[in-house]
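Rule-based calculations on the coordinates, nothing more; no lab input. Given the structure is predicted, the values throughout are model-derived calculations rather than measurements. Here the Cβ is made from the backbone with ideal geometry for all residues, glycine too, and neighbour counts use every protein chain on show.
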Amino acid sequence: MTTEGHIAALERRHQELDRQIQAEMQNRQYDDLMVSTLKRKKLEVKDQLSRMQSAEAN
């Protein structure tokens, strides 16, 4: 996979995690642990994305 393709995949994953977080939080009895796990995954993806973008810029 090219760097651009990998970045695009990470961006899609980040957006999907954001949608999952929002959907879970819309639930009246949402699971705090699930939301925390999703947020942690989203942050990991964001970190990967930042590393990839900075590596591509160099």
Check your understanding: Could the peptides 43-56, 20-33 be put in order, highest first, of the mean number of other beta-carbon atoms found within 10 Å of their residues?
Key -> 43-56, 20-33
**Study point:** Estimated FRET transfer efficiency when R0 is 35 angstrom, pair Arg19-Ala57 (beta carbons, to 0.05)
**Key:** 0.80
